[in-house]
1. How high is the relative contact order of segment 217-302, given as a whole-number percent (alpha carbon pairs under 8 Å, six or more residues apart)?
2. Find me the longest stretch of the chain that has none of the exposed trypsin sites (Lys or Arg not before Pro), where exposed means in a DSSP loop (not H, G, I, E or B) with at most 10 other Cβ atoms within 10 Å.
3. Go through segment 48-64 residue by residue and turn each phi into a ³J(HN,Hα) via Karplus (6.51, -1.76, 1.60, θ = phi - 60°); whole Hz please, and just put x for glycine and proline.
4. Local charge sum around residue 295 (other residues, Cβ-Cβ under 13 Å, Lys/Arg +1, Asp/Glu -1)?
5. Reported to two decimal places, what Rg/Rh ratio describes the chain when computed on Cα atoms with Rh from the Kirkwood expression?
6. Taking the 0 to 90 degree range and rounding to the nearest ten, how far is the long axis of helix 73-82 tilted relative to the main principal axis of the chain, both from C-alpha atoms?
7. Relative to the first principal axis of the alpha-carbon coordinates of the chain, what is the inclination of helix 392-407, with its axis defined by its Cα atoms, in degrees from 0 to 90 and to the nearest 10?
8. Around residue 94, with a cut-off of 11 angstrom between Cβ atoms, what is the net charge of the other residues, counting Lys and Arg +1 and Asp and Glu -1?
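The values are calculated or read from the model by the stated rules, or taken from the named source; none is laboratory data. Just so you know, these numbers come straight off a predicted model, no measurement behind them. Note: ideal-geometry Cβ built from the backbone for every residue, glycine included; neighbour counts use all protein chains shown. Ligands, DNA and RNA are stripped out before the accessible areas are found, and what is left, the full protein with its side chains, is counted by its heavy atoms. Shrake-Rupley method; radii C 1.70, N 1.55, O 1.52, S 1.80 Å.
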Amino acid sequence: MCSITDTAARSEISATVAVIGAGIVGISCALHLQHAGFKVILIDRLGPGEATSLGNAGILASHGMIPVVTPGILKKLPGMLFDPMGPLSLRWPHTARMLPWFWQYLRNSSHANVTRISDALADLTIGSVEEHLSLAKPAGAEKLIKAEPTLSLYENEASYKSDDYAWKIRRKHGARSKIIEASELASFDPELSPKFKFGILLQDYGYVLDPLALTKHLARGFEAAGGKIIKAEVIDIAIENNRPERLIMAGNSVKFDRLVIAAGAWSAKLARKLGSKVPLETERGYHITLTDPGLMPKAPVMATFGKFIATPMSMGLRLAGLVEFGGLEATPNYARAETLLKHAKILFPNVRTKDYTQWMGHRPALPDSLPVIGPSPHFANVFFAFGHHHIGLTTGPKTGRLIAGLIQGEKPNVDLSPFSIDRF
Ligand SMILES: Cc1cc2nc3c(=O)[nH]c(=O)nc-3n(C[C@H](O)[C@H](O)[C@H](O)COP(=O)(O)OP(=O)(O)OC[C@H]3O[C@@H](n4cnc5c(N)ncnc54)[C@H](O)[C@@H]3O)c2cc1C
């Protein structure tokens, strides 16, 4: 940590609230705080939305409260790892260092833990389309959000039934869905391969036509309403008067009254500076966006056979998914991403896969699939909002609303104890 004398010579900007991280979670916090009347500064070393929030599958998964690991995962793991077309891969040597994290991860797959975790996640996911629309409208970004169902697609009814555990959880939380039998699938979407005989439409879902453009629009709305965005890396957090009061960047600093750490997969280092140790890892994921696919699905498709999502977006057909454990530093392995091209051909036999862009991003992953949302146990003026795993786009706006409420001293209308940074 820096002392006052380290920072005295720097140029200084002051804010009531400083937010580190301009991904979908950070921008949502900044906008909700701005709407509540705070003077907010948002700091990111990249442009808004240019890290993980750039390349996701765009799904607003209102019933995406199923944690990443569920009962039976141990039996499925070897099959996933040894299948070259499978969704999971490991990069060494980082994976070896993750063993304690994996142990915690697997322990959370028991029925009791999954029930506890999905109940907590439901408080964040349900209503996500409405949360997004209400944040996007003042920024003129609602045209990027489609309040339309997503199709979950199975090879046959038996494979759907093998997923019964997850569907029971979704239904317990009020998921509205519509079964599409084999005979109806071709008329629902003629581009789907006839190999697939069972579909189920998740009716309260939505999707985003361009996740990067959404965050950029929100950021522009934030600036138009008087918010300030600084492009710089926060290298330290200075403690002054016995509390964090200043963010240190190369050449300047930001003095704040309250601080929100929303730095996605990079948040652990910042939290640690303020005395909180969290087992934050990254689940690296990939996308391929087909820029000349020759077809577009009628609705986003969650292809259960390859555990990936095909989303019709404004820049092309995006295929997103895969989980790779390998830390924040390893370079992308785009050979993995090519699996998505093969999967696309299985899903849509007539799709053109010649022209595409590819991307790798870092899902911020805690071993219980729950984010950290709430105050620091050490400093009353610090709040955390990170670790949103596979559902950060879905749950960003609700997280922002909760953080803004906490900073205003309101009692949250959801139980925030499962999201406490103290739980590890
Ligand atoms: C392949 C894939 C598909 C996905 N699909 C979906 C989906 O369909 N639906 C869904 O809900 N979610 C999805 N997700 C998850 C979702 O994208 C993430 O949960 C979400 O983007 C996380 O947002 P964030 O704001 O926390 O992090 P980020 O977007 O990563 O933002 C964190 C920001 O903090 C900045 N930062 C970090 N450290 C510092 C520092 N020291 N100083 C300054 N700035 C700093 C970074 O530059 C970055 O911009 C997917 C993820 C992947 C990888």
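1. Across segment 217-302, relative contact order equals 14 percent.
2. Working: sites that count: 277, 354.
Result, exposed sites excluded: 1-276.
3. Here the 3J(HN,Hα) series is x, x, 8, 9, 5, 6, 6, x, 6, 7, x, 8, 9, 8, 4, 10, x Hz.
4. Working: positive: 298, 345, 352; negative: 189, 191, 292.
Local net charge: 0.
5. Values: Rg = 21.3 Å, Rh = 22.0 Å.
In the chain, Rg relative to Rh is 0.97.
6. So the helix axis and the longest Cα principal axis differ by about 80 degrees.
7. For helix 392-407, the angle is close to 30 degrees.
8. Working: positive: 91, 97, 284; negative: 281, 324, 329.
Spelling it out: positives minus negatives among the neighbours equals 0.
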